[in-house]
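Derivation of every value follows stated rules applied to the coordinates shown; laboratory data play no part. For clarity, every value in this text was computed on a predicted model and none was experimentally measured. Glycine gets a Cβ as well: all are built from the backbone with ideal geometry, and neighbour counts include every protein chain shown.
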Amino acid sequence: MIAFIFLFAVNAINGIVTPLFIVNEIHGTHTDVGLIVSICAGLEIPIMFALGALGRKLSNHSLMISACFIAIIYNMILSISTDSWQIIIAQLLQAAFVAIVMGNGLSYFTELLPNFPGMSTTIYYNGSMVD
């Protein structure tokens, strides 16, 4: 549960910090911010569909672990970026992270507590309240 809260916190903080970083640190424009955010949002749904198609081959646990590594790689790229185009390319990683955490989070908790669907939904929802 604590790890899941941290995953949601990373996502929430990224949504706040990335636009500020783009405008204030690498001197991008507000158009760059809009483009970057929309690319990420546009990629999330197709990635969720792809993960759904692979659902029987990949466990939710392995997806959550991979989301952690994807977030680390994305934030490393973000920390060394010097231009907006680098962040635009990195949005594939951010979209994959969001798709896994948001799309598979409820399935993950339902898998952990198969006899308590209400409790698993509550845990997921409470963990996601960081946003």
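Laid out as a table, the results:
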item	result
Note, ³J(HN,Hα) from phi for the range 12-23, Karplus 6.51, -1.76, 1.60, rounded to Hz, x at Gly and Pro	5, 5, 4, x, 8, 7, 4, x, 5, 4, 4, 6
Ellipsoid equivalent to the range 71-122 - semi-axes via the Cα gyration tensor, in Å	34, 9, 6
Alpha-carbon Debye profile of the chain, log10 I(q)/I(0) at 0.10 Å⁻¹	-0.34
Relative packing of peptides 51-57, 40-46 - highest average C-beta neighbours within 10 Å first	40-46, 51-57
Computed helical MRE - 222 nm, the chain, DSSP H runs ≥ 4 contributing -39500 (n - 2.57), nearest 500	-28000 deg cm²/dmol
Residues of the range 64-99 with amide N under 19 Å of the 7 Å Cα→Cβ point at T31	83-89
Extension gain from I72 to A53, taking 0.36 nm per residue of separation minus the Cα-Cα distance	4.3 nm
Between the range 19-38 and the range 42-77, the Cα center-to-center distance that results, in Å	25
Angle between the chain longest axis and helix 30-53 axis [Cα atoms, degrees, rounded to 10]	30
Radius of gyration, Dmax [the range 48-98; alpha carbons; angstrom]	12.7, 40
Within a Gaussian network of the chain (alpha carbon springs, distance under 10 Å), most fluctuating of I88, I26, I70	I26
Peptides ranked, highest mean first, by Cβ atoms within 10 Å: ranges 114-122, 10-18	10-18, 114-122
